[in-house]
2 protein chains.
Amino acid sequence: MKALLPSFESIFSIDCVIFGFDRGELKILLIERNEEPFKDWLALPGYLVAQDESIDDAASRILHELTGLKDIFMEQFHAFGDVNRHPQGRVITVAYFAMLRLNGAKELKPLTSFAKKAFWHPVNNLPALAFDHSEIFEKALQKIKRKITYQPIAFELLPEKFTLTQLQTLYEAVLNRKLDKRNFRKKMLNYGILKELDEKQKGVSYRAAKLYKFDKRKYAKLFKNELSF
Amino acid sequence: MKALLPSFESIFSIDCVIFGFDRGELKILLIERNEEPFKDWLALPGYLVAQDESIDDAASRILHELTGLKDIFMEQFHAFGDVNRHPQGRVITVAYFAMLRLNGAKELKPLTSFAKKAFWHPVNNLPALAFDHSEIFEKALQKIKRKITYQPIAFELLPEKFTLTQLQTLYEAVLNRKLDKRNFRKKMLNYGILKELDEKQKGVSYRAAKLYKFDKRKYAKLFKNELSF
(Lines give C-alpha, C1' and ligand atoms only; values in the text may rest on other atoms or scores of the structure.)
Protein backbone atom coordinates (compact mmCIF):
# COMPACT_ATOMS: atom_id res chain seq x y z
CA MET A 1 0.00 0.00 0.00
CA LYS A 2 1.41 3.37 -0.99
CA ALA A 3 2.18 6.18 1.45
CA LEU A 4 -0.51 8.52 2.70
CA LEU A 5 -2.01 11.81 1.73
CA PRO A 6 0.06 14.59 0.09
CA SER A 7 1.33 12.49 -2.81
CA PHE A 8 -2.25 11.78 -3.79
CA GLU A 9 -3.29 15.35 -4.44
CA SER A 10 -5.00 16.00 -7.74
CA ILE A 11 -7.21 18.54 -9.37
CA PHE A 12 -10.86 17.83 -10.02
CA SER A 13 -12.81 19.22 -12.88
CA ILE A 14 -16.28 18.95 -14.37
CA ASP A 15 -17.10 18.74 -18.06
CA CYS A 16 -20.62 19.16 -19.42
CA VAL A 17 -21.98 17.42 -22.50
CA ILE A 18 -25.21 19.24 -23.31
CA PHE A 19 -27.19 17.90 -26.25
CA GLY A 20 -29.83 20.00 -27.92
CA PHE A 21 -32.37 19.00 -30.53
CA ASP A 22 -33.11 21.83 -32.86
CA ARG A 23 -35.52 21.42 -35.79
CA GLY A 24 -34.36 17.98 -36.84
CA GLU A 25 -30.74 18.37 -35.90
CA LEU A 26 -28.84 17.07 -32.89
CA LYS A 27 -26.40 19.63 -31.53
CA ILE A 28 -23.83 19.91 -28.79
CA LEU A 29 -22.92 22.88 -26.64
CA LEU A 30 -19.31 24.04 -27.04
CA ILE A 31 -17.15 26.89 -25.88
CA GLU A 32 -14.22 28.52 -27.57
CA ARG A 33 -11.46 28.67 -24.99
CA ASN A 34 -9.71 31.91 -24.23
CA GLU A 35 -6.89 30.39 -22.19
CA GLU A 36 -3.85 28.18 -22.61
CA PRO A 37 -3.52 25.32 -23.06
CA PHE A 38 -5.75 24.95 -26.07
CA LYS A 39 -6.37 28.69 -26.45
CA ASP A 40 -8.84 29.23 -29.33
CA TRP A 41 -9.75 25.54 -29.38
CA LEU A 42 -13.27 24.28 -29.11
CA ALA A 43 -14.03 22.41 -25.92
CA LEU A 44 -16.87 21.14 -23.79
CA PRO A 45 -17.89 23.63 -21.12
CA GLY A 46 -15.72 22.60 -18.20
CA TYR A 47 -13.72 23.96 -15.30
CA LEU A 48 -12.30 23.11 -11.89
CA VAL A 49 -14.24 22.08 -8.78
CA ALA A 50 -13.64 24.36 -5.80
CA GLN A 51 -12.94 23.06 -2.32
CA ASP A 52 -16.20 24.30 -0.89
CA GLU A 53 -18.72 23.02 -3.42
CA SER A 54 -20.12 19.58 -4.13
CA ILE A 55 -19.50 18.20 -7.60
CA ASP A 56 -23.20 18.58 -8.49
CA ASP A 57 -23.12 22.25 -7.43
CA ALA A 58 -19.88 22.73 -9.34
CA ALA A 59 -21.44 21.31 -12.49
CA SER A 60 -24.33 23.81 -12.37
CA ARG A 61 -22.06 26.72 -11.55
CA ILE A 62 -19.57 25.91 -14.29
CA LEU A 63 -22.22 25.47 -16.97
CA HIS A 64 -23.77 28.75 -15.93
CA GLU A 65 -20.50 30.70 -15.85
CA LEU A 66 -19.32 29.41 -19.20
CA THR A 67 -22.56 29.55 -21.17
CA GLY A 68 -25.14 31.59 -19.27
CA LEU A 69 -27.48 28.57 -19.05
CA LYS A 70 -29.22 28.03 -15.73
CA ASP A 71 -31.42 25.42 -14.07
CA ILE A 72 -30.47 22.66 -16.46
CA PHE A 73 -30.94 19.21 -15.00
CA MET A 74 -27.69 17.37 -15.63
CA GLU A 75 -26.91 13.77 -14.89
CA GLN A 76 -23.45 12.59 -13.98
CA PHE A 77 -22.32 9.85 -16.36
CA HIS A 78 -18.62 9.05 -16.13
CA ALA A 79 -15.32 10.07 -14.56
CA PHE A 80 -12.29 10.26 -16.84
CA GLY A 81 -9.05 9.64 -15.04
CA ASP A 82 -6.23 8.69 -17.38
CA VAL A 83 -2.87 9.81 -16.06
CA ASN A 84 -1.95 12.08 -18.96
CA ARG A 85 -5.31 13.44 -19.99
CA HIS A 86 -4.40 17.01 -19.00
CA PRO A 87 -1.12 18.63 -20.12
CA GLN A 88 -0.77 20.74 -16.96
CA GLY A 89 -0.90 18.00 -14.37
CA ARG A 90 -3.12 15.34 -12.95
CA VAL A 91 -6.70 16.40 -13.50
CA ILE A 92 -9.52 13.91 -13.08
CA THR A 93 -12.79 15.05 -14.57
CA VAL A 94 -16.36 14.06 -13.81
CA ALA A 95 -18.59 14.40 -16.86
CA TYR A 96 -22.27 15.35 -16.77
CA PHE A 97 -24.79 15.31 -19.55
CA ALA A 98 -28.20 16.80 -20.30
CA MET A 99 -30.61 16.85 -23.23
CA LEU A 100 -32.50 19.99 -24.13
CA ARG A 101 -35.26 20.91 -26.49
CA LEU A 102 -34.06 23.95 -28.40
CA ASN A 103 -36.68 26.19 -29.86
CA GLY A 104 -34.42 28.06 -32.17
CA ALA A 105 -31.92 30.18 -30.26
CA LYS A 106 -31.31 30.28 -26.56
CA GLU A 107 -29.13 33.11 -25.39
CA LEU A 108 -25.61 31.91 -24.70
CA LYS A 109 -23.35 34.34 -22.97
CA PRO A 110 -20.28 33.40 -20.95
CA LEU A 111 -20.04 35.29 -17.63
CA THR A 112 -16.28 34.81 -17.56
CA SER A 113 -13.43 35.53 -19.91
CA PHE A 114 -12.32 31.89 -19.63
CA ALA A 115 -14.62 31.23 -22.57
CA LYS A 116 -14.52 33.50 -25.59
CA LYS A 117 -17.98 32.37 -26.59
CA ALA A 118 -20.46 29.52 -26.23
CA PHE A 119 -22.56 28.09 -29.07
CA TRP A 120 -24.41 25.07 -30.41
CA HIS A 121 -22.62 22.92 -32.97
CA PRO A 122 -24.16 20.04 -34.96
CA VAL A 123 -22.82 16.69 -33.72
CA ASN A 124 -22.09 15.72 -37.28
CA ASN A 125 -18.80 17.15 -38.53
CA LEU A 126 -17.59 17.99 -35.08
CA PRO A 127 -13.97 19.25 -35.21
CA ALA A 128 -11.28 17.88 -32.87
CA LEU A 129 -11.89 19.15 -29.35
CA ALA A 130 -9.40 20.17 -26.65
CA PHE A 131 -7.97 17.63 -24.16
CA ASP A 132 -9.82 14.28 -24.29
CA HIS A 133 -13.12 16.06 -24.91
CA SER A 134 -13.75 14.21 -28.17
CA GLU A 135 -13.61 10.97 -26.19
CA ILE A 136 -15.93 12.35 -23.50
CA PHE A 137 -18.36 13.52 -26.16
CA GLU A 138 -18.28 10.08 -27.87
CA LYS A 139 -19.01 8.30 -24.60
CA ALA A 140 -21.98 10.59 -23.95
CA LEU A 141 -23.27 10.06 -27.48
CA GLN A 142 -23.08 6.28 -27.06
CA LYS A 143 -24.97 6.68 -23.82
CA ILE A 144 -27.88 8.60 -25.31
CA LYS A 145 -28.01 6.20 -28.26
CA ARG A 146 -28.54 3.34 -25.86
CA LYS A 147 -30.84 5.31 -23.62
CA ILE A 148 -33.18 6.40 -26.36
CA THR A 149 -34.05 2.76 -27.03
CA TYR A 150 -35.10 1.95 -23.48
CA GLN A 151 -35.91 5.10 -21.55
CA PRO A 152 -38.34 7.93 -22.11
CA ILE A 153 -35.83 10.57 -23.03
CA ALA A 154 -36.86 11.12 -26.63
CA PHE A 155 -39.85 13.14 -25.61
CA GLU A 156 -37.84 15.57 -23.53
CA LEU A 157 -36.38 16.77 -26.79
CA LEU A 158 -39.59 17.27 -28.73
CA PRO A 159 -42.28 19.93 -28.38
CA GLU A 160 -45.30 18.78 -26.37
CA LYS A 161 -47.24 18.09 -29.55
CA PHE A 162 -45.34 16.60 -32.44
CA THR A 163 -45.78 14.78 -35.71
CA LEU A 164 -44.60 11.24 -36.37
CA THR A 165 -42.10 12.69 -38.82
CA GLN A 166 -40.60 14.85 -36.09
CA LEU A 167 -40.37 11.84 -33.81
CA GLN A 168 -38.66 9.79 -36.50
CA THR A 169 -36.26 12.63 -37.30
CA LEU A 170 -35.21 12.74 -33.67
CA TYR A 171 -34.50 9.01 -33.57
CA GLU A 172 -32.61 9.27 -36.83
CA ALA A 173 -30.54 12.18 -35.55
CA VAL A 174 -29.57 10.42 -32.32
CA LEU A 175 -28.97 7.02 -33.90
CA ASN A 176 -27.33 8.69 -36.90
CA ARG A 177 -29.02 6.51 -39.51
CA LYS A 178 -32.13 6.46 -41.66
CA LEU A 179 -35.06 4.41 -40.41
CA ASP A 180 -37.75 2.81 -42.52
CA LYS A 181 -40.81 5.06 -42.27
CA ARG A 182 -43.52 2.42 -42.38
CA ASN A 183 -41.76 0.15 -39.94
CA PHE A 184 -40.96 3.01 -37.54
CA ARG A 185 -44.57 4.20 -37.42
CA LYS A 186 -45.99 0.75 -37.00
CA LYS A 187 -43.70 -0.02 -34.09
CA MET A 188 -44.17 3.32 -32.39
CA LEU A 189 -47.94 3.09 -32.61
CA ASN A 190 -47.88 -0.50 -31.40
CA TYR A 191 -46.10 0.46 -28.20
CA GLY A 192 -49.28 2.24 -27.23
CA ILE A 193 -47.41 5.21 -25.83
CA LEU A 194 -48.68 7.83 -28.28
CA LYS A 195 -51.95 9.70 -28.01
CA GLU A 196 -53.36 10.80 -31.34
CA LEU A 197 -54.71 14.33 -31.04
CA ASP A 198 -57.68 15.81 -32.82
CA GLU A 199 -55.38 18.47 -34.18
CA LYS A 200 -53.08 19.02 -37.10
CA GLN A 201 -49.90 20.95 -37.69
CA LYS A 202 -50.46 24.64 -38.31
CA GLY A 203 -48.70 27.06 -40.57
CA VAL A 204 -47.17 24.58 -42.94
CA SER A 205 -47.43 24.93 -46.68
CA TYR A 206 -47.54 21.19 -47.35
CA ARG A 207 -50.31 18.81 -46.29
CA ALA A 208 -50.61 19.22 -42.52
CA ALA A 209 -49.76 16.10 -40.49
CA LYS A 210 -51.54 14.82 -37.44
CA LEU A 211 -50.19 15.82 -34.06
CA TYR A 212 -49.43 13.41 -31.24
CA LYS A 213 -48.73 13.70 -27.56
CA PHE A 214 -47.20 10.99 -25.58
CA ASP A 215 -49.04 9.11 -22.87
CA LYS A 216 -46.68 9.67 -19.98
CA ARG A 217 -48.18 7.03 -17.77
CA LYS A 218 -47.96 4.31 -20.39
CA TYR A 219 -44.56 5.43 -21.51
CA ALA A 220 -43.14 5.30 -18.01
CA LYS A 221 -44.74 1.90 -17.52
CA LEU A 222 -43.33 0.48 -20.74
CA PHE A 223 -39.83 1.40 -19.71
CA LYS A 224 -40.07 0.81 -16.01
CA ASN A 225 -39.73 -2.92 -15.97
CA GLU A 226 -38.74 -4.73 -19.08
CA LEU A 227 -38.99 -7.92 -17.15
CA SER A 228 -41.88 -7.02 -14.94
CA PHE A 229 -43.10 -9.69 -12.60
CA MET B 1 -14.71 32.50 -12.21
CA LYS B 2 -12.56 31.46 -9.28
CA ALA B 3 -8.78 31.67 -9.19
CA LEU B 4 -6.58 29.01 -10.72
CA LEU B 5 -4.95 25.82 -9.60
CA PRO B 6 -3.62 25.29 -6.05
CA SER B 7 -6.85 26.11 -4.24
CA PHE B 8 -8.55 23.34 -6.19
CA GLU B 9 -6.40 20.48 -4.96
CA SER B 10 -8.27 17.50 -3.65
CA ILE B 11 -7.69 13.85 -2.93
CA PHE B 12 -9.19 11.19 -5.13
CA SER B 13 -10.25 7.80 -3.94
CA ILE B 14 -11.88 4.69 -5.32
CA ASP B 15 -14.53 2.62 -3.56
CA CYS B 16 -15.58 -0.82 -4.75
CA VAL B 17 -19.07 -2.27 -4.37
CA ILE B 18 -18.67 -5.97 -5.14
CA PHE B 19 -21.85 -8.04 -5.07
CA GLY B 20 -21.71 -11.80 -4.78
CA PHE B 21 -24.51 -14.31 -5.15
CA ASP B 22 -23.96 -17.28 -2.89
CA ARG B 23 -26.49 -20.10 -2.72
CA GLY B 24 -29.59 -17.97 -2.77
CA GLU B 25 -28.18 -15.01 -0.91
CA LEU B 26 -26.96 -11.66 -2.20
CA LYS B 27 -23.80 -10.53 -0.44
CA ILE B 28 -21.48 -7.58 -0.46
CA LEU B 29 -17.71 -7.46 0.00
CA LEU B 30 -16.57 -5.47 3.05
CA ILE B 31 -13.36 -4.77 4.89
CA GLU B 32 -12.78 -4.09 8.54
CA ARG B 33 -10.64 -1.00 8.70
CA ASN B 34 -7.46 -0.97 10.71
CA GLU B 35 -6.89 2.78 10.53
CA GLU B 36 -8.38 6.00 11.81
CA PRO B 37 -10.78 7.52 11.11
CA PHE B 38 -13.32 4.74 11.45
CA LYS B 39 -10.82 2.24 12.89
CA ASP B 40 -12.60 -1.11 13.41
CA TRP B 41 -15.55 0.03 11.30
CA LEU B 42 -16.84 -1.89 8.34
CA ALA B 43 -16.33 -0.19 5.00
CA LEU B 44 -16.35 -0.81 1.29
CA PRO B 45 -12.90 -1.71 -0.04
CA GLY B 46 -11.51 1.68 -0.97
CA TYR B 47 -8.33 3.74 -0.99
CA LEU B 48 -6.58 6.67 -2.64
CA VAL B 49 -5.67 7.03 -6.30
CA ALA B 50 -1.95 7.58 -6.87
CA GLN B 51 -0.58 10.24 -9.22
CA ASP B 52 0.77 7.76 -11.71
CA GLU B 53 -2.17 5.43 -12.24
CA SER B 54 -5.44 5.78 -14.12
CA ILE B 55 -8.61 5.48 -12.05
CA ASP B 56 -9.42 2.12 -13.68
CA ASP B 57 -5.98 0.79 -12.76
CA ALA B 58 -6.35 2.20 -9.27
CA ALA B 59 -9.66 0.39 -8.83
CA SER B 60 -8.11 -2.99 -9.70
CA ARG B 61 -5.06 -2.39 -7.54
CA ILE B 62 -7.06 -1.25 -4.53
CA LEU B 63 -9.49 -4.15 -4.70
CA HIS B 64 -6.56 -6.54 -4.96
CA GLU B 65 -4.57 -4.99 -2.11
CA LEU B 66 -7.50 -4.88 0.26
CA THR B 67 -9.15 -8.22 -0.49
CA GLY B 68 -6.74 -10.39 -2.48
CA LEU B 69 -9.23 -10.56 -5.39
CA LYS B 70 -7.76 -10.21 -8.86
CA ASP B 71 -8.98 -9.88 -12.43
CA ILE B 72 -12.47 -8.78 -11.46
CA PHE B 73 -14.23 -6.80 -14.18
CA MET B 74 -15.52 -3.67 -12.48
CA GLU B 75 -17.67 -0.98 -13.98
CA GLN B 76 -17.50 2.62 -12.84
CA PHE B 77 -20.92 3.83 -11.75
CA HIS B 78 -20.84 7.13 -9.87
CA ALA B 79 -18.59 9.78 -8.34
CA PHE B 80 -19.47 11.01 -4.85
CA GLY B 81 -18.31 14.53 -4.18
CA ASP B 82 -20.13 16.15 -1.29
CA VAL B 83 -17.95 18.68 0.48
CA ASN B 84 -17.95 17.03 3.89
CA ARG B 85 -18.07 13.37 2.98
CA HIS B 86 -14.61 12.70 4.44
CA PRO B 87 -13.63 13.91 7.94
CA GLN B 88 -9.96 14.46 7.00
CA GLY B 89 -10.41 16.80 4.09
CA ARG B 90 -11.82 17.05 0.63
CA VAL B 91 -11.89 13.58 -0.85
CA ILE B 92 -13.91 12.86 -3.96
CA THR B 93 -14.47 9.18 -4.61
CA VAL B 94 -15.25 7.32 -7.81
CA ALA B 95 -17.27 4.17 -7.11
CA TYR B 96 -17.01 0.95 -9.12
CA PHE B 97 -19.18 -2.11 -8.96
CA ALA B 98 -19.02 -5.74 -10.01
CA MET B 99 -21.20 -8.81 -9.64
CA LEU B 100 -19.68 -12.22 -8.93
CA ARG B 101 -20.89 -15.76 -8.80
CA LEU B 102 -19.64 -17.17 -5.49
CA ASN B 103 -19.27 -20.89 -5.26
CA GLY B 104 -19.00 -21.04 -1.54
CA ALA B 105 -15.80 -19.45 -0.31
CA LYS B 106 -13.29 -17.44 -2.30
CA GLU B 107 -10.07 -16.73 -0.48
CA LEU B 108 -10.04 -13.18 0.84
CA LYS B 109 -6.77 -11.97 2.19
CA PRO B 110 -5.75 -8.31 2.46
CA LEU B 111 -2.18 -7.69 1.28
CA THR B 112 -1.93 -4.57 3.43
CA SER B 113 -2.47 -3.78 7.08
CA PHE B 114 -4.90 -1.00 6.06
CA ALA B 115 -7.63 -3.65 6.20
CA LYS B 116 -7.79 -6.00 9.19
CA LYS B 117 -9.81 -8.46 7.13
CA ALA B 118 -12.09 -8.74 4.12
CA PHE B 119 -15.28 -10.80 4.03
CA TRP B 120 -18.69 -11.26 2.40
CA HIS B 121 -21.70 -9.90 4.29
CA PRO B 122 -25.37 -10.47 3.36
CA VAL B 123 -26.90 -7.26 1.99
CA ASN B 124 -29.80 -7.72 4.35
CA ASN B 125 -29.06 -6.47 7.86
CA LEU B 126 -26.02 -4.53 6.77
CA PRO B 127 -24.64 -2.48 9.68
CA ALA B 128 -23.79 1.22 9.34
CA LEU B 129 -20.68 1.63 7.20
CA ALA B 130 -17.82 4.13 7.48
CA PHE B 131 -17.94 7.54 5.71
CA ASP B 132 -20.83 7.73 3.21
CA HIS B 133 -20.34 4.09 2.25
CA SER B 134 -23.92 3.17 3.17
CA GLU B 135 -25.09 5.72 0.62
CA ILE B 136 -22.66 4.43 -2.01
CA PHE B 137 -23.84 0.88 -1.35
CA GLU B 138 -27.51 1.92 -1.66
CA LYS B 139 -26.88 3.64 -4.97
CA ALA B 140 -25.16 0.52 -6.32
CA LEU B 141 -28.00 -1.68 -5.10
CA GLN B 142 -30.57 0.53 -6.84
CA LYS B 143 -28.45 0.27 -9.96
CA ILE B 144 -28.37 -3.52 -10.05
CA LYS B 145 -32.10 -3.67 -9.24
CA ARG B 146 -32.81 -1.65 -12.33
CA LYS B 147 -30.19 -3.39 -14.41
CA ILE B 148 -31.45 -6.88 -13.70
CA THR B 149 -34.76 -5.99 -15.36
CA TYR B 150 -33.25 -4.87 -18.63
CA GLN B 151 -29.76 -6.24 -19.06
CA PRO B 152 -28.31 -9.73 -19.08
CA ILE B 153 -26.54 -9.56 -15.76
CA ALA B 154 -28.60 -12.15 -13.88
CA PHE B 155 -26.83 -14.98 -15.57
CA GLU B 156 -23.39 -13.79 -14.61
CA LEU B 157 -24.34 -14.65 -11.06
CA LEU B 158 -25.69 -18.16 -11.65
CA PRO B 159 -23.82 -21.38 -12.45
CA GLU B 160 -23.81 -22.25 -16.17
CA LYS B 161 -26.66 -24.72 -15.66
CA PHE B 162 -29.36 -23.74 -13.24
CA THR B 163 -32.90 -24.53 -12.19
CA LEU B 164 -35.82 -22.14 -12.52
CA THR B 165 -35.94 -22.02 -8.73
CA GLN B 166 -32.34 -20.82 -8.60
CA LEU B 167 -33.13 -18.18 -11.21
CA GLN B 168 -36.16 -16.99 -9.26
CA THR B 169 -34.20 -16.95 -6.00
CA LEU B 170 -31.63 -14.67 -7.62
CA TYR B 171 -34.28 -12.22 -8.81
CA GLU B 172 -35.91 -12.29 -5.39
CA ALA B 173 -32.59 -11.65 -3.65
CA VAL B 174 -31.72 -8.68 -5.86
CA LEU B 175 -35.21 -7.18 -5.90
CA ASN B 176 -35.65 -8.05 -2.21
CA ARG B 177 -39.20 -9.32 -2.56
CA LYS B 178 -41.06 -12.57 -3.18
CA LEU B 179 -42.22 -13.23 -6.73
CA ASP B 180 -45.14 -15.37 -7.78
CA LYS B 181 -43.71 -18.70 -8.95
CA ARG B 182 -46.16 -19.45 -11.73
CA ASN B 183 -46.06 -15.96 -13.13
CA PHE B 184 -42.26 -15.78 -12.95
CA ARG B 185 -41.81 -19.07 -14.82
CA LYS B 186 -44.34 -18.23 -17.46
CA LYS B 187 -42.74 -14.87 -18.21
CA MET B 188 -39.19 -16.20 -18.17
CA LEU B 189 -40.03 -19.04 -20.54
CA ASN B 190 -41.96 -16.66 -22.80
CA TYR B 191 -38.94 -14.45 -23.30
CA GLY B 192 -37.41 -17.36 -25.20
CA ILE B 193 -34.00 -16.83 -23.65
CA LEU B 194 -33.76 -20.12 -21.76
CA LYS B 195 -32.66 -23.43 -23.22
CA GLU B 196 -34.16 -26.42 -21.51
CA LEU B 197 -31.51 -29.11 -21.07
CA ASP B 198 -31.96 -32.83 -21.19
CA GLU B 199 -30.51 -33.00 -17.72
CA LYS B 200 -31.64 -32.75 -14.12
CA GLN B 201 -30.10 -31.57 -10.91
CA LYS B 202 -27.80 -34.13 -9.30
CA GLY B 203 -27.20 -34.97 -5.67
CA VAL B 204 -30.38 -33.53 -4.24
CA SER B 205 -32.56 -35.48 -1.82
CA TYR B 206 -35.81 -33.99 -3.13
CA ARG B 207 -37.30 -34.41 -6.58
CA ALA B 208 -34.61 -33.26 -9.01
CA ALA B 209 -35.54 -30.22 -11.08
CA LYS B 210 -34.80 -29.64 -14.73
CA LEU B 211 -31.69 -27.69 -15.61
CA TYR B 212 -31.57 -24.73 -17.96
CA LYS B 213 -28.90 -22.79 -19.75
CA PHE B 214 -29.44 -19.45 -21.22
CA ASP B 215 -29.39 -18.75 -24.91
CA LYS B 216 -26.80 -16.01 -25.02
CA ARG B 217 -27.60 -14.92 -28.52
CA LYS B 218 -31.29 -14.51 -27.86
CA TYR B 219 -30.68 -12.96 -24.49
CA ALA B 220 -28.34 -10.35 -25.89
CA LYS B 221 -30.81 -9.66 -28.68
CA LEU B 222 -33.74 -9.23 -26.30
CA PHE B 223 -31.88 -6.60 -24.35
CA LYS B 224 -30.00 -4.95 -27.15
CA ASN B 225 -32.75 -2.81 -28.54
CA GLU B 226 -35.96 -2.44 -26.67
CA LEU B 227 -37.19 -0.23 -29.44
CA SER B 228 -35.52 -1.92 -32.33
CA PHE B 229 -36.20 -0.50 -35.73
(message) Give all pairs with beta carbons closer than 7 Å in which a residue from the stretch A:44-67 that is without any contact (Cβ under 8 Å) to a residue 40 or more places away in the chain and more than 24 Å from A:Leu129 (Cα to Cα) meets a residue that is acidic (Asp, Glu) and in a loop (DSSP other than H, G, I, E, B); count only pairs at least 6 apart in sequence or on separate chains.
(response) A:Ser54/B:Asp82
(request) Give me a count of the residues in the stretch A:82-102 that are within 24 Å of A:Leu170 (Cα to Cα) and either facing another protein chain (nearest Cβ under 9 Å) or among the aliphatic types (A, V, I, L, M) (or both). (result) 5
(request) Restrict the check to the stretch B:68-81 and report whether at least one residue is within 14 Å of chain A (Cβ to nearest Cβ) and farther than 30 Å from A:Val49 by Cβ. (result) yes
(request) Only residues that are of a type outside the set (Lys, Arg), exposed (fewer than 15 other Cβ atoms within 10 Å of the Cβ) and out of contact with any Lys or Arg (no Cβ under 8 Å at 6 or more places or on another chain): list them for the stretch B:139-164, please. (result) B:Gln142
(request) Enumerate the pairs (first residue in the stretch B:106-125 and within 15 Å of B:Glu36 (Cα to Cα) and within 14 Å of chain A (Cβ to nearest Cβ); second residue anywhere and crowded, with 18+ Cβ neighbours inside 10 Å and of a type in the set (Ser, Thr, Tyr)) with beta-carbon separation below 7 Å, excluding pairs fewer than 6 apart on the same chain, so at least 6 apart or on different chains. (result) B:Phe114/B:Tyr47
(message) So A:Tyr191 ticks every box in (1) in contact with a helix residue (DSSP H, G or I) (Cβ under 9 Å, 6 or more places away or on another chain); (2) within 30 Å of A:Ala95 (Cβ to Cβ); (3) not β-branched (Val, Ile, Thr) but one. Which box is left unticked?
(response) (2)
(message) Considering only residues that are out of contact with any Asp or Glu (no Cβ under 9 Å at 6 or more places or on another chain) and modelled with pLDDT of 95 or more, which ones fall in the stretch A:110-125?
(response) A:His121
(request) Give the stretch B:148-192 a look and list any residue that's within 11 Å of another protein chain (Cβ to nearest Cβ) and part of a loop (DSSP other than H, G, I, E, B), or say none. (result) B:Gln151, B:Pro152, B:Arg177, B:Lys178, B:Leu179, B:Asp180, B:Tyr191
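A quick yes/no check of all residues on (1) touching a strand residue (DSSP E or B) at 6+ places or on another chain (Cβ under 9 Å); (2) within 14 Å of chain A (Cβ to nearest Cβ):
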site	(1), (2)
B:Ile14	yes, yes
B:Val17	yes, no
B:Val49	yes, yes
B:His64	no, yes
(message) Quick check on my filter: what residues within the stretch A:187-197 are of a type outside the set (Val, Ile, Thr) and surrounded by 11 or more Cβ atoms within 10 Å (Cβ to Cβ)?
(response) A:Lys187, A:Met188, A:Leu189, A:Tyr191, A:Gly192, A:Leu194, A:Lys195, A:Glu196, A:Leu197
(message) Filter the stretch B:30-47 down to the residues that are of a type outside the set (Phe, Trp, Tyr), within 13 Å of chain A (Cβ to nearest Cβ) and outside any loop (DSSP other than H, G, I, E, B) and list them by number.
(response) B:Ile31, B:Arg33, B:Gly46
(request) May I ask you to verify whether B:Asn176 is touching a helix residue (DSSP H, G or I) at 6+ places or on another chain (Cβ under 9 Å) and among the polar types (S, T, N, Q)? (result) yes
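Here is a yes/no grid of residues against (1) farther than 21 Å from A:Ala95 by Cα; (2) within 13 Å of the chain's Cα centre (by Cα):
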| site | (1), (2) |
| --- | --- |
| A:Pro110 | no, no |
| A:His121 | no, yes |
| A:Ile153 | no, yes |
| A:Pro159 | yes, no |
| A:Thr165 | yes, no |
| A:Arg182 | yes, no |
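The values are calculated or read from the model by the stated rules, or taken from the named source; none is laboratory data. Here the structure is a predicted model, which is why all the values come from computation and not from measurement. Here the Cβ is made from the backbone with ideal geometry for all residues, glycine too, and neighbour counts use every protein chain on show.
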